[in-house]
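See below for the structure under consideration.
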Amino acid sequence: MTTSQHILACIDGSAVTESVCDYAAWYASKLNVPVGLLHVSDVPASVRRDLSGAIGINSRQFLLEELSQLDEQRAKVVNSYSNALVQDAKSHIQSSFADVNVRVYQRHGKLLPSIEHFKEENRAIVMGRRGEDHKNSRINIGSQIETVARGSDIPILICSEKFEEPSSYMIAFDGSKTSIKAARMVSKSPLLKGMKGHIVMVGNHNDAAKQSMSAAAAQLEDTGFVVEAHHLSASDAVDGLLKFQVENNVDIMVVGAYGHSKWQQLFLGSTTTEIIASTLSPVILVR
C-alpha cells in the first residue's frame, strides 16, 4: 500500500535509540506504513562578545574569524554524526523488519518544530523515555516528552527497554475526555487488535465515569477487540494501575496524556508523568 503517512521515530543517539527504532518499526508494520527516522541537531552559534576597549581591532577581528571557523567545524562534525546515526538506525530497522520502508529526515533546530514540520505525514510518534540529556537521571524521562505530548494530537509511544513484541495491553481509564479518546483511538486502530486487552479504572468514581468505562469497553468489543473491564480500589491511582500491570503481565499501557494544564499540574502533579517514570514498559500517550 502506498501512503504518505509514516511512524515518526525521534532518535538522538542515546541508549534508547535502538528501542525507539524497533518499536517504531513494529508500529509501522502493524499499520502498513513506513518509518520516518528523525534526527534533530541543535548547534548554537558561538557567543561573540564585543571586545572593543580590551584589545585592538585587528586582534578582535582575528578572534572573530577564529570563532567562525570553529562554528563551521562544529557544524560539520554534527552533520557527520547525524548522517552516521540515521544510516545506522536505518540499517538496524532493515535487519529486523525487512518489509518496513524507512525514510530519513535530518533537521536543525528544536525537536517540536521539527516534528510539526511533518504534521501532515505523522500517523504516530515514537520517543525514548530517557534521552541523552537524562541518561543518568533517577527519573528517566527525557525533557522533550511533555513538550511534544502537549503539542501533538496523535498517539506517542514512549519506550526505553529492549524491544519485545507486545501481546497484551491495558487502557488506563478515569472517565476523562482524554481517557475516552484513548479507548476510541485503540478501537479504530489495528495496532493492538488480537491482543489480550484490559480497560482499568482505579478509585471511587461516580456513576457517569463507570458508565463511560462500560461504553468504552463495548465500543472495543463491537470493533472486534477482546477486552475486560476492571474497576479497582486503591489509595493511589498510579500504584493501582502499575500493580495491575505487573499482576496481569501487561506488555503495553495506553494513557490519556496531560489532561491538566501546566498551571494545574503545579498543584495537582501529573499522573501521566508518574506512570511514565514508574514503568519500564512502553506507554502510548493520547492527548
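The values are calculated or read from the model by the stated rules, or taken from the named source; none is laboratory data. The model shown is predicted, which means the values in this text are computed figures rather than measured ones. Glycine gets a Cβ as well: all are built from the backbone with ideal geometry, and neighbour counts include every protein chain shown. These area figures cover heavy atoms from the full protein model, side chains too; ligands, DNA and RNA do not enter into them. Shrake-Rupley method; radii C 1.70, N 1.55, O 1.52, S 1.80 Å.
Tabulated results
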| quantity | calculated |
| --- | --- |
| Protection proxy ranking of 68-74, 185-191 - average other beta-carbon atoms within 10 Å, highest first | 185-191, 68-74 |
| Largest to smallest principal axis extent of the C-alpha atoms in the range 208-247, angstrom | 32, 25, 11 |
| Order of exposure, largest accessible area first, which applies to V40, V35 with probe 1.4 Å | V40, V35 |
| Surrounding net charge for P282, when Lys and Arg each add one and Asp and Glu each subtract one, Cβ distance under 15 Å | -2 |
| Theoretical FRET efficiency, 1/(1+(r/R0)^6), r = Cβ-Cβ of L67 and A98, R0 45 Å, to 0.05 | 0.45 |
| Inter-label distance, nm, simple model (7 Å from Cα along the C-beta direction), V78/D153 | 3.2 |
| Environment charge of P166, counting only residues whose C-beta is closer than 11 Å and scoring Lys/Arg +1, Asp/Glu -1 | -1 |
| Cα centroid separation - the range 78-109 against the range 199-245, whole Å | 39 |
